[in-house]
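Undergrad: Dropping a structure here in structure tokens format, bear with me for questions.
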């Protein structure tokens, strides 16, 4: 069933599926891509893996997938959505697999630095030895609150072991 968003003239799909949104992101139609980006939060975390796999190839598709991925992850990290945040973090960690395009890995690490917590530290710490994404993993760890991230950085001597606690005060409320 289709309808119109009042005042915008854009068609929306009332019950989009992950497959339909991914098809729209991969389409050559900019309006369809935009609609898919806007509606990506309706599907949420189940889209993360597909969006990550789309982060290689055609630049227009990459940009659309990247924006949709960011929206989904930040939506999952909203207050009172701890379960969605955990799911998003698990899915983002899967996107750090070396078999995936580097763009997917880098974007996943950047997002983990924004929405992650102590649960993602072991996965990020393991990536400090991967020369392809070590710097991105280090930056993600540096953004995370808590002593676990600081210890992981200090243990590998690639981070800021003496960085003062609370450098990122907004992040300290993440659980």
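Undergrad: What does the extension gain come out to for residue 103 and residue 49, with contour length at 0.36 nm per residue minus their alpha carbon separation?
TA: 18.1 nm
Undergrad: I need the peptides 150-156, 114-120 ranked by packing, meaning the mean over residues of other C-beta atoms within 10 angstrom, with the highest value on top.
TA: Peptide ranking by packing, descending: 114-120, 150-156.
Undergrad: Another question about this same structure. Calculate, for residue 114 and residue 20, the FRET efficiency according to 1/(1 + (r/R0)^6) with r their C-beta to C-beta distance and R0 30 Å; round to the nearest 0.05.
TA: Taking R0 as 30 Å, the efficiency between residue 114 and residue 20 is 0.60.
Undergrad: Give me the one-decimal nm value for the distance between modelled label points at residue 135 and residue 151, 7 Å along each residue's Cα-to-Cβ direction.
TA: With each label placed 7 Å out from Cα toward Cβ, I get 2.9 nm.
Each value in this text was obtained by applying a stated rule to the coordinates, not by laboratory testing. This is a predicted model, so every value here is computed, not measured. Reconstructed Cβ throughout: ideal geometry from the backbone, glycine too, with neighbour counts over all protein chains shown.
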